[in-house]
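Undergrad: Can you keep this structure in mind? I'll have questions shortly.
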Amino acid sequence: MLEPFAAHLTGELGRSPHTVRGYLADLRSLLAHLEETGHEVAELDVPLVRGWLSRARAAGASRATIARRVAAVRAFTRYLHREGVLSTDPGPRLATPAQRRALPTVLDERQAADALSRAPAESPTDLRRHAVVEVLYATGVRVAELCALDLDDVDRERNTVRVVGKGNKERTVPVGAPALDALDAWLTGGRTALATAASGTAVFLGARGGRLGVRQAREDVHAHLRAAGVDSGPHGLRHSAATHLLNGGADLRSVQEFLGHASPRSTQVYTHVSVERLRDTYRRAHPRA
């Protein structure tokens, strides 16, 4: 039952492999709960799901985990109802717990400049680390989006990269000269040393010549920033890129497109970073400041 549902998530809904894995893990837990309580899938209803979620809460599951489980169940029951397994869909009656939106960890512009100004050594790994950090900060892409970049996605004439984000949605993101220089150094001095017949068109490669994995990319970022005395990672670079755009005068809608957010609500978390800039402007411009 889960196998065709996984194909539905991937083929019809365009969910990422990471999301599919998470949903399937949650649903295996739900099916085990049904078996344990003596129920069939066709009996799936709101009280059964709530009982399963209550056990997760009692075991210490976070709000984010509960929210993901609700999302997984909603997608599953909608699919089962469509396939005729369920006579009614209980999914819409499941409430998603409100999540506390934590403010992002942001590098200040001096920290970012210091971290990015460090000249890399000439080894392929060092060149890759430097290019990964530069491109992440320049474009604000997610680390999975960076790992998925192909050589044809880099447009040197327009200084942009084409990114395939969540839901297979494409967007074009500008990239600055320093990041392109770091990318050139990697492509000519690092990628060529690691490339094999299996490398294909991937921009970033791992030690064995295959496409760079998300875990290794995260390790690259942490290692590079740690050497610069900065405690951050790929998501911190994404937050920092958005923050520095806003501080420089970009409007929220442009930052939303830059980050590939489907909803403005996802981008609004960044508005807190403009408070200091607003205060400075107020002190300089308001006659009664």
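The values are calculated or read from the model by the stated rules, or taken from the named source; none is laboratory data. Only a predicted model underlies this, so the values are computations on that prediction, with no experimental measurement involved. All Cβ positions, glycine included, derive from the backbone under ideal geometry; neighbour counts span all protein chains shown. The area values use the complete protein model at the heavy-atom level, side chains included, leaving out ligands, DNA and RNA. Shrake-Rupley method; radii C 1.70, N 1.55, O 1.52, S 1.80 Å.
Undergrad: Once the Cα atoms of helix 177-186 and of the chain are each reduced to a long axis, what angle between those two axes, in degrees from 0 to 90 to the nearest 10, is obtained?
TA: It is inclined by approximately 80 degrees.
Undergrad: If each of S54 and H235 carries a label point 7 Å out from its Cα toward its Cβ, how far apart are those two points in nm?
TA: 3.1 nm
Undergrad: On each of the three principal axes of the Cα atoms of the chain, give max minus min coordinate, whole Å, ordered largest first.
TA: Here the Cα extents, ordered largest to smallest, are 68, 63, 34 Å.
Undergrad: Calculate, for S254 and E36, the FRET efficiency according to 1/(1 + (r/R0)^6) with r their C-beta to C-beta distance and R0 51 Å; round to the nearest 0.05.
TA: 0.50
Undergrad: Which shape class applies to the stretch 108-250: rounded if a/c is under 1.5, otherwise prolate when a/b exceeds b/c and oblate if not, where a ≥ b ≥ c are the square roots of the Cα gyration tensor eigenvalues?
TA: Verdict is oblate for the stretch 108-250.
Undergrad: Another question, if that's okay. Can you give the accessible area of R238 in Å² (nearest 10), computed on protein heavy atoms with a 1.4 Å probe?
TA: Its heavy atoms expose roughly 10 Å² to the probe.
Undergrad: Taking Cα pairs under 8 Å and at least six residues apart, what relative contact order does the chain come out at, in percent?
TA: Once divided by the residue count of the chain, the mean separation gives 17 percent.
Undergrad: Taking amide H positions as placed 1.01 Å from N in the peptide plane, with prolines and chain starts having none, which residues 5 or more places from R15, or on another chain, fall under 5 Å of its amide H?
TA: T10
Undergrad: Counting other Cβ atoms within 10 Å, which GluC sites (Glu not before Pro) in the stretch 1-83 have at most 16 and lie in a DSSP loop?
TA: For GluC sites (Glu not before Pro) across the stretch 1-83 that sit outside H, G, I, E and B with at most 16 neighbouring Cβ atoms in 10 Å, the list reads E12, E40, E83.
Undergrad: Heads up, I need the accessible area for H239: 1.4 angstrom probe, whole protein in place, Å², nearest 10.
TA: 30 Å²
Undergrad: Treat each spin label as a single point 7 Å out from the Cα along the C-beta direction, and report the E43 to A223 distance in nm.
TA: For E43 paired with A223, the spin-label model returns 5.4 nm.
Undergrad: What angle, in degrees between 0 and 90 and rounded to the nearest 10, separates the Cα long axis of helix 63-82 from the longest principal axis of the Cα atoms of the chain?
TA: With rounding to tens, the tilt is 60 degrees.
Undergrad: Per q in 0.20 1/Å, what log10 I(q)/I(0) does a Debye calculation on the alpha-carbon atoms of the stretch 1-138 return?
TA: Per q value, in the given order, log10 I(q)/I(0) is -1.15.
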